[in-house]
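Colleague: So that we are looking at the same thing, I have put the structure below in structure tokens.
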Amino acid sequence: MTKKITTINIGVVGLGLMGCSITTCLLIAGHKVIAVAPIPADLLLAKKRITAHLKRSFKEKLVKKLPEYYLKNLSITEDYNELKTCGLVIECTIENIDIKKSVYKKIEDIIAPNALMTSNTSAIPISLLQEQTTRPERFFGLHWAEPSHTTRFLEIICGNKSDIKKGEYLYKLSHNWGKEPTLVRKDIRGFITNRVMYAAYREAISLVENGYATVEDVDRACRNNAGYWMTLVGVFRWMDITGVPAYHTVMKDLFPTLNNDIAVPKLIDDIVKQGGKGVANAKGFHKYTQEEARLWEETFTNFSYEIRALALKYPEDIVKKKLAARKKAQKKKQTK
Ligand SMILES: NC(=O)c1ccc[n+]([C@@H]2O[C@H](COP(=O)([O-])OP(=O)(O)OC[C@H]3O[C@@H](n4cnc5c(N)ncnc54)[C@H](O)[C@@H]3O)[C@@H](O)[C@H]2O)c1
């Protein structure tokens, strides 16, 4: 299990939107990937999707080699037996505990006792998922953000029974995937970003439902406020940069007025009950023609590559690096 990164084979089970971009990320990092297709549609679509990601990554200079080079390390199969050689398997099937449970059984029947198993679940507690497995100590949440081959985000989540040492191994390993990972040492539903963001989604919907603003207004405000600083600083450094006492004052008066309903809001309930999926079928919070919806998907992809390029100029330790460079320059000056 502590073998060098590129020498461990990794399995990805579930080849939808995220399974394909996770596979792309791992191929780029140099792994051999066994990609298991649990449904026939995956077999039809996955190779095309992964190849398109690799092509675009080459065009954007994210990788140096053409898709064929990486695709040599990819095996797409319906056969779980091929997972036998994997040191890590990433489950990426739909957000349904019964389906995930049936998939874990198939994976565990094949993989070695010391191989790790993880789930890309958005919000099912890891402690609950690991109860569906025979070796809960080797089970973790591995929560990616779409598109996984361009984003730096990764949460590694321990369940109550996870072996923290193995979690630390995943943390180390994932640096080689181009991630700035976070190790969530204690299980909590929604982990970090989903808890923070769902509080924001609830408040945004409440503002619209109560007539304070339109969907367009809320999106415009968020794009131009948090959208500007979030990539650089997250939330705590933002408060540090803009002055902590003001937040203290505002919290006292604002918190009692924030929405804390526990029911799913009507606005989103209506959309889902009418079959709305968002840009995937041109039915969501905003109105779309089919062409507009497709263009939003395309625009999001373009933006993902551009913001990645910008974000890479600002790693988490940017200030530490600047300080080190400054010290080096001063030392050079003094020895002249
Ligand atoms: N979409 C996102 O942005 C996002 C972000 C973080 C986490 N996630 C999580 O990742 C997981 C996959 O999400 P996605 O967006 O790739 O979904 P998706 O709908 O694109 O793909 C789902 C995949 O699940 C598998 N599947 C479907 N029915 C199945 C069945 N009956 N039995 C076994 N497998 C089946 C198939 O491989 C299918 O392609 C979910 O748990 C989701 O919550 C998604």
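Quick note: the coordinates plus some simple rules give every number you see, no bench work behind them. Just so we're clear, the structure is a prediction, and the values are computed from it rather than from any experiment. Backbone-built Cβ (ideal geometry, glycine too); neighbour counts: all protein chains shown.
Colleague: When DSSP assigns beta bridges and you keep just the ones with both residues in region 6-184, what percent turn out antiparallel, to the nearest 5?
Modeller: So the antiparallel bridges in region 6-184 amount to around 20 percent.
Colleague: Next up: Net charge near VAL208: determine it from the other residues with C-beta under 13 Å of the C-beta of VAL208, scoring Lys and Arg +1 and Asp and Glu -1.
Modeller: Local charge sum for VAL208: -3.
Colleague: Follow-up. How far is it, in nm, from the label point at TYR314 to the one at GLN330 when both lie 7 Å from their Cα along the line to the Cβ?
Modeller: 2.5
Colleague: Using a simple charge model, +1 on the beta-carbon of Lys and Arg, -1 on the beta-carbon of Asp and Glu, nothing else, what dipole does region 182-323 show about its Cα centre, in debye to the nearest 20?
Modeller: 600
Colleague: Still on this structure, please answer the following. Of the beta bridges DSSP finds with both residues in the chain, what % are antiparallel, to the nearest 5?
Modeller: 25
Colleague: In whole angstrom, note down how far apart the Cα centers of region 68-114 and region 23-51 are.
Modeller: 11
Colleague: For LEU88, list long-range residues whose amide hydrogen, built 1.01 Å from N in the peptide plane, is under 5 Å from its own amide hydrogen.
Modeller: Amide H neighbours of LEU88, under 5 Å, 5+ apart: GLY11, LEU116.
Colleague: Here's something else I'd like to know. Using the beta-carbon distance between THR257 and ASP217 and R0 = 25 Å, what value does 1/(1 + (r/R0)^6) give for FRET efficiency, to the nearest 0.05?
Modeller: Plugging the Cβ-Cβ distance into 1/(1 + (r/R0)^6) gives 0.85.
Colleague: Excluding TYR104 itself, what net charge comes from residues whose Cβ is under 12 Å from its Cβ, given Lys and Arg +1 and Asp and Glu -1?
Modeller: Result for the local shell: +1.
Colleague: From the square roots a ≥ b ≥ c of the eigenvalues of the alpha-carbon gyration tensor of the chain, which class results: rounded (a/c under 1.5), prolate (a/b over b/c), or oblate?
Modeller: Rounded, since a/c falls under 1.5.
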